[in-house]
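Chemist: Have a look at the structure that comes next, please.
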Protein chains: 2
Amino acid sequence: MTLTNRHLVLRSRPTGMVAPSDVEVIESPVPVIGEGEALVRTNLVAIDAAVRTWLNDQPGYLPPVEIGETVRAGTVGEVIESHCDAYEVGDVVTTFGGFSEYSVCRDDIFTTVVGRRSLGTADIDRAELLAVFGSTGATAYFGMHDIGRPQPGETVVVSAAAGATGSVAGQIAKAAGARVVGIAGSDEKCSVVVAEFGFDSCINYRSEDLNVALRQHCPDRVDVYFDNVGGPTLNAVLGRLAMNARVVLCGVISSYVTGDHPGPSNYVQLLARRARMEGFNTLDHWDRYGEAEAALRRLVDSGQLRYRSQVFEGLERSVDALNALFEGTNIGKTMLRP
Amino acid sequence: MTLTNRHLVLRSRPTGMVAPSDVEVIESPVPVIGEGEALVRTNLVAIDAAVRTWLNDQPGYLPPVEIGETVRAGTVGEVIESHCDAYEVGDVVTTFGGFSEYSVCRDDIFTTVVGRRSLGTADIDRAELLAVFGSTGATAYFGMHDIGRPQPGETVVVSAAAGATGSVAGQIAKAAGARVVGIAGSDEKCSVVVAEFGFDSCINYRSEDLNVALRQHCPDRVDVYFDNVGGPTLNAVLGRLAMNARVVLCGVISSYVTGDHPGPSNYVQLLARRARMEGFNTLDHWDRYGEAEAALRRLVDSGQLRYRSQVFEGLERSVDALNALFEGTNIGKTMLRP
């Protein structure tokens, strides 16, 4: 029996938003796995901002997706065949399966077993996994825990606060005893950030003057800024830093699609405020995933970490899903069921 | 007997370079000291870039010098009268005596006894003290030691490499086993940086394309950047960072006089390179001055730390001395004998 695989390939590099003609859903036989490989059926594809960056022809921490290749993305799926000692049939894994019904994995750092049928641990909420655990939660954890290091009573600001990473990062800081202020792009998002994610307040940067709002919402200035967006938002928060502040550079979503912004002239405040701005990449710390997972699990179990997800159904919705991150309409974790 | 004090007062706030009409040398009686105070005769005034920033009407880590006040500056001098238990007549002290023949100090963190006649330790080279020790050396030490942390074999870049702080910072990194590349503004400066200060090489940013030169001089990219200038130089080095690089923000001399530059758009490389950019202020670490002094003393005694100084004679040369830092003509430590 030859199974048919449906997957999304890149046809041309998008400029700005992804156009329907930039990608195509094609069919091909499900790959025959070799020694050391396992076959995974994709349950959900994680729609991360990084996916969009891989479509550009510029080097990053992973190479660009080539024309004709399947569009890369993190996934959660189930092992249905294995020629690899690391994986059993029935394992639930996170991997880089891409926009594809099936994918092949090997025993490397990109694939993690998160549940095992033979151990009775395969009954996992896949949406929760992508929204709270996996690379999203680990990114929020490593950035906030290692660089931000919020202390009780400190003021923490998180941009893209309604997004997958931002919402988790803010809740981690809140659980650490900080006062947490979100920045988001609509009143609806701000409502969710406060009412569901438990932030102390949230600034709608589209309807408010950000400099004025930061003074109002952060009377004691900003001790930690978790930056998902870069651009003018980063510059505004740099202008409001407290002494010895930490700026966590997690992403630059403002430039992924619309191109480069001017640099943050308020970087000089790092000097005046003896502050630090630091970038990181979750993959560097993947050997500590267990630490992140345990910390996040404690927060979920104690009710201190909530999430939202939005699932697009079918590979045909790939373009809508990818663009949703940049249109300012998504709340929580965006994912796609192929 | 009433001694006459000559000192430099601020008459108007300079825009750009200091004009002769912005300041005035005036005479007034030497202050009568009260309980808890000591009178210091100034030997040398340190001409630091920070002095120029204090003439602007904007808050910094110290308040602006007010119109009519003596221009603030770090000094080395000798205690000639004391009503304070902390100081004996004959003590050599570093203090903020300003552009003034005499000043009054108290027992606070701004005044440090560096030699004592009664202990036979007052025979100190005042120029060496200002050039290598005091706040200049401590700034280089704290920035390089605490934030830069150069490792053997790493590549360290220092801007304003012929200047007081840069020349010491580079020699500290060199002694730590790093490859050290300077950036300076003339061929003469570059020669001194290599031949006298022992840097491995030096880029003349006025005659070379900095981006091209950084690729040539730093084939393994830049692990530590000690930034004294900001502006386009900072942006260029940010574009050449190695993984896990450290950027030490020590000063922004490019903006002290000429106003703000655009922010460094290459800050996004902090994210791609998991790098850190951090500001600091020497005064925060003044309780560790002894540590810095001891480390610098070892380097001087072992011949690993050399300095140059330029002394302006007389308060009438104050304007020339202040502007020398920004005209790109100074090499080593600039100072003035009032």
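The values are calculated or read from the model by the stated rules, or taken from the named source; none is laboratory data. Remember, it's a predicted structure, so these values are computed and weren't measured experimentally. Please note: Cβ atoms are built from the backbone with ideal geometry, for glycine as well, and neighbour counts cover all protein chains shown.
Chemist: Are any residues in region B:173-194 farther than 20 Å from residue B:154 by Cα and in contact (Cβ under 8 Å) with a residue 60 or more places away in the chain, and if so, which ones?
Modeler: B:185, B:186, B:188, B:189, B:192
Chemist: Specify which of the listed residues (A:243, A:335) is over 15 Å from the mean Cα position of the chain (by Cα), farther than 19 Å from residue A:184 by Cβ and not acidic (Asp, Glu).
Modeler: A:243
Chemist: Okay, next question. Return the total of residues in region A:1-37 being touching a residue at least 60 places away in the same chain (Cβ under 8 Å) and in a loop (DSSP other than H, G, I, E, B).
Modeler: Qualifying residue count for the region: 9.
Chemist: I would also like to ask the following. Wholly within region B:266-338, which helices (runs of 4 or more DSSP H) include no fewer than the required count, namely at least 1 residues that are within 14 Å of another protein chain (Cβ to nearest Cβ), of a type in the set (A, V, I, L, M) and out of contact with any Pro (no Cβ under 8 Å at 6 or more places or on another chain)?
Modeler: Output list reads B:269-272.
Chemist: Can you report the number of residues in region B:56-77 which are of a type in the set (D, E, K, R) and within 18 Å of the chain's Cα centre (by Cα)?
Modeler: 1
Chemist: Within region A:46-67, can you find the residues that are surrounded by 14 or more Cβ atoms within 10 Å (Cβ to Cβ), assigned to a loop (DSSP other than H, G, I, E, B) and touching a strand residue (DSSP E or B) at 6+ places or on another chain (Cβ under 7 Å)?
Modeler: If the condition is that a residue be surrounded by 14 or more Cβ atoms within 10 Å (Cβ to Cβ), assigned to a loop (DSSP other than H, G, I, E, B) and touching a strand residue (DSSP E or B) at 6+ places or on another chain (Cβ under 7 Å), then A:47, A:55, A:65 are the ones that fit.
Chemist: In this structure, does residue A:225 turn out to be closer than 16 Å to residue A:170 by Cα and of a type in the set (Phe, Trp, Tyr)?
Modeler: Here the answer is yes, as residue A:225 does meet what is asked.
Chemist: A follow-up question, please. Among the residues of region B:280-320, how many are more than 12 Å from residue B:137 (Cα to Cα) and under 14 Å from the mean Cα position of the chain (by Cα)?
Modeler: 6
Chemist: Of everything in region B:87-109, what is of a type in the set (A, V, I, L, M, F, W, C) and out of contact with any Gly (no Cβ under 9 Å at 6 or more places or on another chain)? Give them in sequence order.
Modeler: B:89, B:99, B:109
Chemist: Also: Is there a residue being of a type in the set (S, T, N, Q), touching a residue at least 40 places away in the same chain (Cβ under 8 Å) and out of contact with any Gly (no Cβ under 8 Å at 6 or more places or on another chain) anywhere in region B:230-241?
Modeler: Yes, the conditions are met somewhere in region B:230-241.
Chemist: Sort out for me the strands (runs of 3 or more DSSP E) sitting completely within region B:179-232 that have 2 or more residues that are surrounded by fewer than 24 Cβ atoms within 10 Å (Cβ to Cβ) and assigned by TED's automatic domain parsing to the domain that holds residue B:155. Reasoning before the result, please.
Modeler: Values: elements: B:179-184, B:201-204, B:222-227.
Counting at least 2 such residues, we get B:201-204.
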